[in-house]
Amino acid sequence: MKMITLMAATFAGLTATAALADGHLPDLEGREVVVVTENAYPPLQFIDPASNAAIGWEYDAMVEIAERLNITVVYENISWDAMIAAVSQGQFDMGMTGITIREDRAEVVDFSDAYMRSEMVMLVRGDETRFDDAASFAADDDLLIGAQPGTTPFYVGIYDVLDGDEANPRMRLFETFGAAVQALRTGDVDLALTDGTAGNGYVASSDGGLKIVGSPLGTEDFGFIFPKGSDLVDPFNEAIAAMQADGTIDELNTRWFLEYNLGQ
């Protein structure tokens, strides 16, 4: 797995050193924190096709947190289906990849406080006319959903759109969400379920090739994950609270969900 060290930096539109001056956040004295991610969930974290660099909302948030807590962040990559187990076993200090806070996951890992709330939406091709909500999709047995196994979109698709059978043949599974979206574009599946923030990001950058239909299917909160009992949870929660209070979270949202997709 490729390892990348995150150096202290200030990104455009961010205030990476603002919270250091208030003296209220813990100082972790340069402690190394190994963070595992998938790099397949734009705009939260993904590989920039132009530069081949790993970028996104969560990376910029980690720059902020690293500055505020005085930590050195080292990144490693792993597939989504192995991430929670790997973090729970202590192979990494933390995981990030737009992870929905859920009770079953909280049995094996500790979550940070939520840094983002999103709603599940139905992402379809721009010319889709056969269905316009979950009920009309479910009524047509020829239509297929693309999703990653074990993710919130998978469970929403199975239980909120289809019949609750996790072996339903209408659910086509992909290793990454990006692969599911590509299958949607090429017509191999007819629907990809995703949170509203990522869905809007895909739509905005698709030049009319994708759209969102129907009403949101539910609300989810995203958090970072840590091994059970990690002493990093409280400092990270304090940093997240400071970023919410001083407007940094709003700045990140504007940068990645509006400006980035508009090419600004």
Does Ala106 fit the bill of being among the aliphatic types (A, V, I, L, M), within 26 Å of Met83 (Cα to Cα), under 14 Å from the mean Cα position of the chain (by Cα) and modelled with pLDDT of 95 or more? no
For the range 37-52, which residues satisfy the criterion of being in a loop (DSSP other than H, G, I, E, B) and crowded, with 24+ Cβ neighbours inside 10 Å? Glu38, Pro42, Pro43, Leu44
Count of the range 109-123 residues which are more than 19 Å from Asn237 (Cα to Cα) and either touching a Cys at 6+ places or on another chain (Cβ under 9 Å) or not in a strand (DSSP E or B) (or both): 0
Among the residues of the range 207-224, which ones are touching a Gly at 6+ places or on another chain (Cβ under 7 Å) and over 30 Å from Glu67 (Cβ atoms)? Gly208, Gly209, Leu210, Lys211, Ile212, Pro216
Inside the range 111-127, the number of residues satisfying the requirement of being modelled with pLDDT under 95 and hydroxyl-bearing (Ser, Thr, Tyr) is 1
Given the conditions (1) modelled with pLDDT of 95 or more; (2) in contact with a Lys or Arg (Cβ under 8 Å, 6 or more places away or on another chain), which single one is not true for Thr219? (1)
Could you say which residue among Pro153, Pro227 is closer than 30 Å to Ile71 by Cα, touching a helix residue (DSSP H, G or I) at 6+ places or on another chain (Cβ under 9 Å) and either modelled with pLDDT of 95 or more or not polar (S, T, N, Q) (or both)? Pro227
Just to be sure I understand, how many residues within the range 53-106 are of a type in the set (Ser, Thr, Tyr) and in a strand (DSSP E or B)? 3
Which residue out of Ile78, Ile71 is in contact with a strand residue (DSSP E or B) (Cβ under 9 Å, 6 or more places away or on another chain), β-branched (Val, Ile, Thr) and farther than 24 Å from Ser118 by Cβ? Ile71
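The values are calculated or read from the model by the stated rules, or taken from the named source; none is laboratory data. Only a predicted model underlies this, so the values are computations on that prediction, with no experimental measurement involved. Cβ coordinates were reconstructed from backbone atoms using ideal geometry, including for glycine residues, and neighbour counts include every protein chain displayed.
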